[in-house]
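J.: Here's a structure for you.
The values are calculated or read from the model by the stated rules, or taken from the named source; none is laboratory data. None of these values were measured; they are calculated from a predicted model. Methodologically, a virtual Cβ is constructed for each residue, glycine included, from the backbone with ideal geometry; neighbour enumeration extends over all protein chains shown. We work out accessible area using only protein heavy atoms, side chains counted, and drop any ligands, DNA or RNA first. Shrake-Rupley method; radii C 1.70, N 1.55, O 1.52, S 1.80 Å.
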Amino acid sequence: MDKSFWRHVEEVLGSGKRIQIVKTLLKYGLSVRGEDVYIGDKVKATVTSLAEEAGVDRRVVMDVLKQISKDDFLREFFLHLRPAGPSLVSVSRLLGYRCLVVEIFEDRPGILAWVANALAEKDINILQVVAEDPNIYEEPKLYVVVSQPVPSEVIEKILQHPAIKRVSIS
């Protein structure tokens, strides 16, 4: 999502709490059809639950949904937005996996490739990757779920990338 997306959102919706609603829709991959919000194709999300998550009054959510529906670009965008699927991040240990949490100083190309290469060198299989969009999250993280424990030398190798601030394992 580039800066022109956010410029357009601000032109249509203004700023502040209204932007927080859009960020919440994006965070969960929620689609907007008319004045209804959906998780996937058929599961409706309530305006009240969206308001609670975004930290705003439900009337603000209803107004934002109306404005999204009136704007050609936003209507089309949110009509087709879908969740990325189930995340194994929070349940990785229950499944016998590990999850690397990579924090960065700045977003730049090659971070995922660097991490994947460090894991591949030790024959560690990647099961899932979840990358938080730096245009949505103030401190985006890269979550890498792997099939086995990660040796300390792999963490040391990952930390050699100049854009990587910290790596933790859950």
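J.: Take the conditions touching a residue at least 60 places away in the same chain (Cβ under 8 Å) and not in a helix (DSSP H, G or I) and apply them to Ile124. Does it pass?
T.: no
J.: Could you identify the single residue in Val101, Val129, Val150 that is open to solvent by less than 50 Å² (accessible area, probe 1.4 Å) and either closer than 30 Å to Thr24 by Cα or under 22 Å from the mean Cα position of the chain (by Cα) (or both)?
T.: Val101
J.: Now for a separate question. What pairs can you find where one residue is in region 40-61 and free of Cβ contacts under 8 Å to residues at least 40 places away in the same chain, the other is surrounded by fewer than 17 Cβ atoms within 10 Å (Cβ to Cβ) and basic (Lys, Arg), and their Cβ atoms are less than 7 Å apart, with a gap of 6+ or different chains?
T.: As it stands, the answer is Val47/Arg58; Thr48/Arg58; Ala51/Arg58; Val56/Lys17, since those pairs meet every condition given.
J.: Just one of Arg33, Arg18, Arg98, Arg108 is in contact (Cβ under 8 Å) with a residue 12 or more places away in the chain, touching a strand residue (DSSP E or B) at 6+ places or on another chain (Cβ under 8 Å) and of a type in the set (Lys, Arg); which is it?
T.: On inspection, the qualifying residue turns out to be Arg98.
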